[in-house]
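To start, the structure itself, in structure tokens.
The values are calculated or read from the model by the stated rules, or taken from the named source; none is laboratory data. Remember, predicted model here, so these are calculated numbers, not experimental data. Cβ atoms come from the backbone with ideal geometry, glycine included; neighbour counts cover every protein chain shown. These accessible areas exclude ligands, DNA and RNA; they are computed on the full protein's heavy atoms, side chains included. Shrake-Rupley method; radii C 1.70, N 1.55, O 1.52, S 1.80 Å.
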Amino acid sequence: MDKSLHLDSVIKTHQITKEEQLLNKHKEKNKEVKEALEENYGDNIYSPFNSGSYAKNTAMNTKFDFDMVSPFKRNAFGSKGTLKEMFDDAYDFLYEKYKDVATVRKQKVSVGIEFHSDDDGDVVKIDVVPGRELNQDQYSDDENLNLYVYYKYGNYDAGSERIKTNVQAQIKNIKDRATKEKESIRKIIRLLKVWKNTKYNYPTKSFFLELITIKAFDNKEITGNLWSKLETVLEYIRDEVIKDSFTLKDPGNSSNDLIDSLTESERDTLSYDMKNMLERIKDNDENIKTYFPENAKFLEEEKADNKYENKGNGFYSAPPKNERFG
């Protein structure tokens with residue numbers, strides 16, 4: 001089989017724009033939560049903003065949610081207020097606000113809001129990441145924030161207050177690189193996210209996969225078709241993550257090493273999974289479908305779209321009746 005052709009279909013059938021209705025519902029709830037935070041905290045909060053894959057243009061249409069950073073002022077919870085107090089206060093507010101219409105829970109560095117399914121069966125998920133500026137009124141100048149770790153996150157212990165980052169710089173790093181090399185980096189990131197979604201509760205975060213993909217492109221010669229590029233990145237991850245010397249610096253704060261977001265055991269697992277995947281695909285091309293499945297919901301639609309794309313090449317035929325188009 002043509003592995004690159006399959007991977008291209010994987011990307012197309014997972015385009016977030018194909019789930020326009022669900023995407024719009026996320027946008028509406030995102031706006032609602034943002035305004036609720038601003039109304040509740042008033043002058044003690046800067047404007048919350050999108051920070052996840054949607055903001056970075058790497059979102060997929062399966063298992064997606066919206067991530068929102070909520071930047072608090074240094075003295076929002078008193079001059080001696082702790083990051084734990086900030087985190088708990090944000091959780092308490094969001095819980096009371098949405099407990100009747102959503103499941104609200106504390107997560108590693110965020111408060112997760114999962115709204116109950118609506119009449120269409122759609123579920124909207126918003127993750128709110130509370131962060132606090134380093135010094136009073138400093139955020140407008142440097143956009144740096146301190147985060148609170150609610151429970152163990154790789155090598156970060158529960159209760160840790162040592163994560164300082166610049167989320168805006170993280171977003172810019174991903175968007176700038178993915179735009180300049182959109183035929184490579186962004187596609188590989190999206191494919192790795194599809195692979196991650198085939199795993200249950202996998203510890204490797206999407207942000208980690210984004211950064212390690214960029215680092216692979218910085219350190220390896222990545223050329224050829226889509227499969228060749230993906231294969232090189234998979235090999236890089238396989239070989240590098242288990243090295244004691246390997247680092248993955250946070251573009252928002254070079255003092256943060258994202259490799260610390262994984263334990264040694266989790267690094268071994270990630271390397272093994274890359275190795276096993278590469279070997280199985282080498283044994284049989286068809287195995288690529290197991291690791292990088294197309295979104296069956298939009299497969300027929302994509303096939304119909306391809307008929308139109310090939311209209312001028314002698315491969316065109318009329319689409320079946322009632323065919324959906326994204």
Helix 83-98 vs. the chain, principal-axis angle (Cα, 0 to 90°, nearest 10)
70
What residues have an amide H closer than 5 Å to that of ASN253, excluding those fewer than 5 places away on the same chain, when H is modeled at 1.01 Å from N in the peptide plane?
ASN166
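Largest first, what is the accessible-area ranking of ASP285, ASP43 with a 1.4 Å probe? Mind dumping the intermediate values first?
Values: ASP285 50, ASP43 130 Å².
Listed by decreasing accessible area, they come as ASP43, ASP285.
Could you compute the FRET efficiency for ASN75 and THR247, with r as their C-beta to C-beta distance and R0 at 30 Å, rounded to 0.05? Please list the in-between numbers first.
Working: r = 34 Å, r/R0 = 1.15.
The calculated FRET efficiency here is 0.30.
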Here the range 116-122 yields Karplus 3J(HN,Hα) values (6.51, -1.76, 1.60; θ = phi - 60°; whole Hz; Gly and Pro given as x) of 4, 4, 8, 5, 8, x, 7
In the chain, if the dipole is taken from +1 on Lys/Arg beta carbons and -1 on Asp/Glu beta carbons about the Cα centre, which of THR232, ILE188, VAL167 is farthest to the positive end?
THR232
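Residue separation times 0.36 nm, minus the C-alpha to C-alpha distance between LYS84 and ASP268: what's the value? Before the final figure, lay out each step's value.
Working: separation 184, 0.36 × 184 = 66.24 nm, distance 3.16 nm.
Once the chain is fully extended between LYS84 and ASP268, it gains 63.1 nm.
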The set of residues whose placed amide H lies less than 5 Å from the amide H of ILE45, leaving out same-chain residues fewer than 5 positions away, is LYS73
What are the ³J(HN,Hα) couplings of the range 75-82, residue after residue, when phi is run through the Karplus curve with 6.51, -1.76, 1.60 and θ = phi - 60°? Round to Hz, x for glycine and proline.
9, 4, 10, x, 4, 10, x, 9
Report, in deg cm²/dmol and to the nearest 500, the calculated mean residue ellipticity at 222 nm for the chain, where each DSSP H run with n ≥ 4 adds -39500 (n - 2.57) and the sum is divided by the residue count.
-14000 deg cm²/dmol
With every protein chain kept in place and a 1.4 Å probe, the chain has an accessible area per residue in Å² of 50
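Ranked from the most accessible area to the least, with a 1.4 Å probe and all protein chains present, what is the order of TYR150, TYR272? Don't skip to the answer; put the middle values down first.
On the way: TYR150 90, TYR272 130 Å².
Ranked from most to least accessible, the order is TYR272, TYR150.
From the protein chains alone at 1.4 Å, what is the descending order of accessible area for ASP119, ASP218, largest first? Don't jump to the answer; show the numbers that get you there.
Numbers: ASP119 165, ASP218 95 Å².
Largest accessible area first, the residues go ASP119, ASP218.
When a/c is below 1.5 the answer is rounded, else prolate if a/b is larger than b/c, else oblate, so apply that to the chain with a ≥ b ≥ c taken from the square roots of the Cα gyration tensor eigenvalues. Present the calculation step by step, with values, prior to reporting the outcome.
Numbers: a/c = 2.15, a/b = 1.40, b/c = 1.53.
Note, shape of the chain comes out oblate.
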About the Cα centre, charge dipole magnitude for the range 29-85 (Lys/Arg +1, Asp/Glu -1 at Cβ), debye
240
Once amide hydrogens are built 1.01 Å from N within the peptide plane, the residues lying 5 or more places from VAL149 or on another chain with amide H under 5 Å from its amide H are GLY159, SER160
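Between THR198 and ASN40, what FRET efficiency follows from the Cβ-Cβ distance if R0 is 30 Å, with the result rounded to 0.05? Present the calculation step by step, with values, prior to reporting the outcome.
Values: r = 39 Å, r/R0 = 1.29.
So, using R0 = 30 Å, E works out to roughly 0.20.
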In whole Å, what is the distance between the alpha-carbon centres of the range 239-269 and the range 14-32?
32
Whole-percent carbon and sulfur contribution to the accessible surface of the chain (1.4 Å, no ligands, DNA or RNA) stands at 42
